[in-house]
């Protein structure tokens with residue numbers, strides 16, 4: 001995928017939902033639990049709620065019982081092997097509040113580790129931690145993952161900010177463009 005295609009994809013994704021649209025879980029009974037979990041996590045860790053919603057949307061489409069091919073569980077697709085270091089048990093990953101708290105804790109650690117560099121933190125969340133300001137891997141799902149989360153983050157950020165002008169978040173976009181090595 002070339003650079004212009006990546007930019008077009010990010011812009012298209014950021015405009016995919018009508019203004020005021022709120023992504024909901026497939027099972028509506030979890031909507032309030034997810035919103036409460038995001039609010040609770042906001043008070044514990046300094047991760048923007050719009051970013052948390054963007055990660056949840058990309059990771060599980062707001063489905064609390066989602067399981068990845070690799071075995072990651074729940075809304076934020078936390079691996080059972082990472083549960084204990086994040087302060088929850090593997091069985092608690094099915095609970096929206098515990099899963100969101102664990103995922104936000106991991107995002108907060110990655111953002112701190114990468115000195116606030118969102119792209120590096122998202123790469124670390126999706127693939128594996130890497131050096132600061134490293135290029136996004138050229139293969140696999142990671143480039144698409146990062147672009148999607150950035151687009152969803154922009155969408156949700158604008159929903160939370162009344163005077164927001166929609167724009168693609170292209171800071172650091174050169175790191176999302178595959179290099180010709």
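Say whether the condition of being in contact with a strand residue (DSSP E or B) (Cβ under 8 Å, 6 or more places away or on another chain), closer than 21 Å to residue 39 by Cβ and at pLDDT 95 or above is met by at least one residue in segment 104-121. Yes - at least one qualifying residue is present in segment 104-121. Residue 157 - would you say it is surrounded by fewer than 22 Cβ atoms within 10 Å (Cβ to Cβ), within 17 Å of the chain's Cα centre (by Cα) and either in a helix (DSSP H, G or I) or at pLDDT below 85 (or both)? Criteria met by residue 157. Taking every residue in segment 29-44 that is in a helix (DSSP H, G or I) and pairing it with any residue that is surrounded by 14 or more Cβ atoms within 10 Å (Cβ to Cβ) and modelled with pLDDT under 90, at least 6 positions away or on another chain, the pairs with Cβ-Cβ distances below 9 Å are 31/25; 33/25; 34/25. Looking across segment 8-28, the residues that are more than 18 Å from the chain's Cα centre (by Cα) and either modelled with pLDDT of 95 or more or in a helix (DSSP H, G or I) (or both) come down to 8, 28.
What do you reckon, is residue 40 modelled with pLDDT under 95 and over 19 Å from residue 157 (Cβ atoms)? Answer is yes for this residue. For segment 106-142, the candidate set comprises residues that are surrounded by 21 or more Cβ atoms within 10 Å (Cβ to Cβ) and more than 13 Å from the chain's Cα centre (by Cα); within that set, the residue that is farthest from residue 47 (Cα to Cα) is 136. Taken together, the criteria place residue 34 among residues that are under 15 Å from the mean Cα position of the chain (by Cα), more than 22 Å from residue 162 (Cα to Cα) and modelled with pLDDT under 95.
The values are calculated or read from the model by the stated rules, or taken from the named source; none is laboratory data. Bear in mind that the values here come from a model prediction, so they are computed numbers and not experimental data. Positions of Cβ are backbone-derived with ideal geometry, glycine not excepted, and every protein chain shown enters the neighbour counts.
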